[in-house]
Structures are given as structure tokens and as C-alpha cells.
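S.K.: The structure is given below, and queries will be raised subsequently.
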Amino acid sequence: TLSQRTAILEIDCRIKLEKRREFRLNLGAAAQSRQFNRSAPVVYEDQNEPGHMLWIEEWSSRQDLEAYLQSDDFLTVLGGLSVLGTVEDCRVVDLTHGPGPDAGNHPRAANGWRFVERTHEDEAPQS
């Protein structure tokens, strides 16, 4: 539950416009990975700058988040984002000193950003 959150991981990235579908597939794959105790990623896109994305994950354990940041799974996410565009910033918001925003109601949602739906591999066109 939200009351059990201790940290939020935010990845600020810019995705090439022609790579947005691949980005949504990457998001769908990441959402299905449950190796770590976290929420499914939520992503917002800046409506004033198409391709500017904010990837957000909620974590109930700071220890799990630290382990994830050292994992191959995290390197895979960063590598995928780097192939699809550029990673501008990656930050951890510590919630142990206050409630902070939750991913589903992030302040960016009300300030010109829109929620990005994830795409699952079974929805990808067959080649």
C-alpha cells in the first residue's frame, strides 16, 4: 500500500519520437518483472515536449531499491532507455521523512504531462 512506501525512483529521459512504440514495449516488459518489491512503473510524457518522459517506480523497501540499482534488471532498463533516447537524470526520492507524491498522482500529471499507457509484447505487430 502507499503507506508502506519508503522511496520513489524517478528516471527523466528523452525518447526519440520514432522510438516511442519500442519505449512502451520496454515499459510493458518492466511492469511484468516482479523480482523486486516495487510498484509497476508509471510514466508521464511532457505534452509540451513530446518524447520527454518521467519514469516513476514506488518502493516499499529502501534496501530493495538499493539492490535493484546494482542489478542487471536496472542496467537493462537504463540500456534500453539509452538506445531509445537519452537518460537525462535518475534520482531517488526518500519518503522516510515525509509522505511525498505517489506515482499515480504525481505533481507532473497536473502540469502539462500525460500518463503513458504501456504496451505488452503480445500487442506488438508480428513481423
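S.K.: Which order do Val92, Val83 take when ranked by solvent-accessible area (1.4 Å probe, heavy atoms of all protein chains), largest first?
M.R.: Values: Val92 55, Val83 100 Å².
Per-residue accessible area, sorted high to low, gives Val83, Val92.
S.K.: As a test question: what accessible area, to the nearest 10 Å², does Ser82 have when a 1.4 Å probe is rolled over all protein chains in place?
M.R.: 70
S.K.: Still on this structure, please answer the following. For Arg91, Arg5, what's the largest-to-smallest order of accessible area, 1.4 Å probe?
M.R.: Descending order: Arg91, Arg5.
S.K.: Could you look at segment 1-90 and say what percent of its accessible area is carbon and sulfur, using a 1.4 Å probe and all protein chains?
M.R.: Answer for segment 1-90 is 48 percent, counting heavy atoms of protein chains only.
The values are calculated or read from the model by the stated rules, or taken from the named source; none is laboratory data. Predicted, not measured: the structure shown is a model, and the values here were computed from it. Accessible surface areas use protein heavy atoms only, side chains included; no ligands, DNA or RNA. Shrake-Rupley method; radii C 1.70, N 1.55, O 1.52, S 1.80 Å.
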